[in-house]
Every structure is written in C-alpha cells, then in structure tokens.
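Engineer: I have a structure here, written as structure tokens, and I will follow up with some questions on it.
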Amino acid sequence: MELGKVLAALADDRRRRVVAELAAGPDGEERACGSFDLPVGKATRTHHYRVLREAGLIDQRFHGNGSAVSLRREATEQRFPGLLALLVGELREHPEPRGGGADGA
C-alpha cells in the first residue's frame, strides 16, 4: 500500500464512504458491490472499485453477474493505524451521502 494511492483513492467522497461502511461493519464482512449507495453509472461504479482495489484498500470477488468487496482491514490498520477509525467517525458525523466526489463523477 502506497500512501499516495490510498490518499488519492480516499479523496473521492463515494470511495471514502464505501471504505467507511466496510470499516463500520464486522471484520471479514463481504458486501455486494450493488449494496452501496453509489448513484453513478455502471462504468463509473466499476472505476471506483478498481481504484480502491488498486490502492490495496479492498479485495473484490467476481461471481456470475455481480461482484462483492471486503475491506483489507488488517493490512490497512498495519500500514495506516487509525485511518479506518477516522473514516468511521466521519461516516457517523455525516450518515447521509453528500453526493459528488473529488472527480465530479
């Protein structure tokens, strides 16, 4: 995990929310990609998950017509202690999606 890639991935509100929701859930939880409130087209949704995956924040498993993601909690905590707690805190302060992201998509 590289700091620049992680920060770039988390600069987008939507991606940050995906990670925060996973961090707020039970350790090892896997969620369907479609279960997140990402009001964007399929190509943009795919892009967001790819950015998170390439940054090393999530694992993605493809199955049939869908996919699911899980947080790489242990690796993230080891490399960036406290980061996930900050994201969960932000999620609790702003429980509703704010819409828009750093990339405007």
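Engineer: Considering only region 72-95, how many residues are outside any helix (DSSP H, G or I) and out of contact with any Gly (no Cβ under 7 Å at 6 or more places or on another chain)?
Structural biologist: 5
Engineer: In region 3-24, which residues are free of Cβ contacts under 8 Å to residues at least 12 places away in the same chain and surrounded by 11 or more Cβ atoms within 10 Å (Cβ to Cβ)?
Structural biologist: Leu7
Engineer: Please enumerate the residues belonging to region 22-43 that are assigned to a helix (DSSP H, G or I), of a type outside the set (Ser, Thr, Tyr) and within 16 Å of Ser67 (Cβ to Cβ).
Structural biologist: Leu22, Cys33, Gly34, Lys42, Ala43
Engineer: Something else about it: Could you please find all residues in region 73-82 being in contact (Cβ under 8 Å) with a residue 60 or more places away in the chain and closer than 17 Å to Arg17 by Cβ?
Structural biologist: Thr76
Engineer: Output the residue which, of all residues in region 62-105 that are modelled with pLDDT of 95 or more and among the charged types (D, E, K, R), is surrounded by the most Cβ atoms within 10 Å (Cβ to Cβ).
Structural biologist: By that ranking, first place goes to Arg72.
Engineer: Also, quick follow-up: Condition first: hydrophobic (A, V, I, L, M, F, W, C), surrounded by 15 or more Cβ atoms within 10 Å (Cβ to Cβ) and without any contact (Cβ under 8 Å) to a residue 24 or more places away in the chain. Can you find one or more residues in region 37-55 that meet it?
Structural biologist: Within region 37-55 (the criterion being hydrophobic (A, V, I, L, M, F, W, C), surrounded by 15 or more Cβ atoms within 10 Å (Cβ to Cβ) and without any contact (Cβ under 8 Å) to a residue 24 or more places away in the chain), the answer is no, since none of the residues qualifies.
Engineer: Scan (1) more than 17 Å from Leu91 (Cβ to Cβ); (2) modelled with pLDDT under 95 for the single condition Arg14 breaks and write down its number.
Structural biologist: Only one criterion is unmet by Arg14, namely (1).
Engineer: Can you pull out every residue in region 1-21 that is assigned to a helix (DSSP H, G or I) and in contact with a Gly (Cβ under 8 Å, 6 or more places away or on another chain)?
Structural biologist: Lys5, Val6, Asp13, Arg14, Arg15
Engineer: Return the only residue of Arg61, Arg45, Arg31, Arg50 being more than 9 Å from the chain's Cα centre (by Cα) and farther than 21 Å from Pro97 by Cα.
Structural biologist: The unique qualifying residue is Arg61.
The values are calculated or read from the model by the stated rules, or taken from the named source; none is laboratory data. Just so it is clear, the model here is predicted, and its values are computed rather than measured. So basically every Cβ, Gly included, is an ideal-geometry build from the backbone, and we count neighbours across all protein chains shown.
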